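What follows is a short report on a single structure.
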Amino acid sequence: MTPAHDAPKPARIRLLGAPHSVQAFEIRDFLSRSGVAYDWLELDGAASQALAGVQPVDSARLPVCEFPDGTRIDAATVPAVAARLGWITTPRLATYDVSIYGAGPAGLSAAVYAASEGLKTVLVERQAIGGQAGSSSLIENYLGFPQGVSGAELAERARQQAARFGVDILQLREGVYATFRDDGIHVDMADGSHLAARVNICATGIEWRRLRLENEDRLLGAGVFYGAGASEAPMCQGETVYVVGGGNSAGQAAMHFSAYAHAVVMLVRGNSLADTLSDYLVRKIAATANVRVVTHCEVAALQGEGSLQAITVRDRQTGKEETLPTRHLFVCIGGLPNTDWARDTPIARDSAGYLLTGADVLAAATPASPWPLQRPPYHLETSVPGSFAIGDVRHGSIKRVATAVGEGAMAVAFVHQYLHQA
């Protein structure tokens, strides 16, 4: 049986929405990260609707999503669009051999290897396939892609592999409570359903770190964006945009926007990009005329009513502040582990919230909370036997796509050992 999520994608979707619409941005971002081709029509009053050749649309019905077969969704949302694409499915089995939470490179890798080796596998992702890597405009240092590959394309290829091997992919699904009993994991899902598996692999990754500024939540998706924001690059034509951060994700974002924007300004807290950025990106940025790097600075304030209109930048050495007009700010300042779900479970975390695995589990064990088995935990095994952690969510992980993919494959080898001994 072909999984529902492996159905052919439509030729092209048309999305109509108001300028600076948060709901429209969420759909654009989801479609871009999912590798779905679409056309964006910005409707700002009756005149622009007539120019676009569409029937007048009441603002309350925006955004509108039109599909190639003529069907449409008014007041569209990401879940409604995903459901129309056939991507929201329910579990086929009462119990799986392995459940994997998080469909970034690590989770996708684990799903491919688990299913290809005969394990009944379910992959759960609460957002778009690909995780944070899926929003990267170009990954240039991943083995086998000499010209680079976009995160969305890499994730889509992996999704197709997983689906072909029979993985059940549950997209826009999220677990809210987990218990470890009866030699397995039992998860209550946010939609009221239940998911059970003999073994689980956590690949939930990290959430983008926020600026923690006034107006930040209100302007999110309306000028303030987390990550590379690949779907927003065409909206930056002729403008000056700002990228906050000095890591590889910020550098990749700056290079991507440089092809669209009049100017791209990188705002970096540290002394230089060389301290935090891969050398190949440092050299590319230095050779790009419309990218400028400002060091020793931070964003101090955000201004705007319905959308972002200006930012205030503070010099961290002198304290001097400057307010700069802009409609686009992209924040790429690292992240925090997505492990809040583990608070009420026996899974041990470090002080920053990352999941402990392998030797770190033994080092953190106490008489009150010992490792329960005679054998030591496997390298990627958490403090709960049969529960593994891979990728960015794991304490001590290396934040690279190749490493995440490798850990996904490695975790499946340990899963086989665990199931053989169970």
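Loop-resident trypsin sites (Lys or Arg not before Pro) (DSSP state other than H, G, I, E or B) in segment 160-236 with no more than 12 further Cβ atoms inside 10 Å of their Cβ: Arg212.
Assuming charge only on the beta carbon of Lys and Arg (+1) and of Asp and Glu (-1), the dipole of the chain about its Cα centre is about 520 debye to the nearest 20. Modelled spin labels at Ala289 and Thr71, positioned 7 Å past Cα toward Cβ, are 4.9 nm from each other. Against the main long axis of the alpha-carbon atoms of the chain, helix 151-164 sits at an angle near 40°.
Of the residues Val124, Leu308, Thr77, the one whose Cα sits farthest toward the positive end of the charge dipole of the chain, with +1 on the Cβ of Lys and Arg and -1 on the Cβ of Asp and Glu, is Val124.
The trypsin sites (Lys or Arg not before Pro) of segment 316-365 that DSSP puts in a loop, and whose beta carbon has at most 16 other beta carbons within 10 Å, are Arg316, Lys320, Arg343. Subtracting the Cα-Cα distance of Arg375 and Arg343 from their residue separation scaled by 0.36 nm leaves 9.0 nm. Counting only aspartates and glutamates at least 8 places from Lys284 when in the same chain, those with an alpha carbon closer than 12 Å to its own are Glu140. Each Cα pair under 8 Å and six or more residues apart adds its sequence gap; the mean of these over the residue count of segment 305-400 is a relative contact order of 20 percent. Springs join every pair of Cα atoms under 10 Å in this Gaussian network model of the chain, and among Gly223, Gly408, Gly353 the largest mean-square fluctuation is at Gly353. Annotation note: GluC sites (Glu not before Pro) in segment 89-187 located in DSSP loop regions with a Cβ neighbour count of at most 15 within 10 Å are Glu117.
Of the options (1) 26.2; (2) 25.6; (3) 22.8, only one is Kirkwood radius over Cα pairs in Å as computed from these coordinates, and that is (3).
A short reminder: the numbers here are calculations on the coordinates, not readings from a lab. Small disclaimer: the values here were computed from a predicted structure and weren't measured. For neighbour counting, all protein chains shown are included, and Cβ atoms are generated from backbone atoms with ideal geometry for every residue, glycine included.
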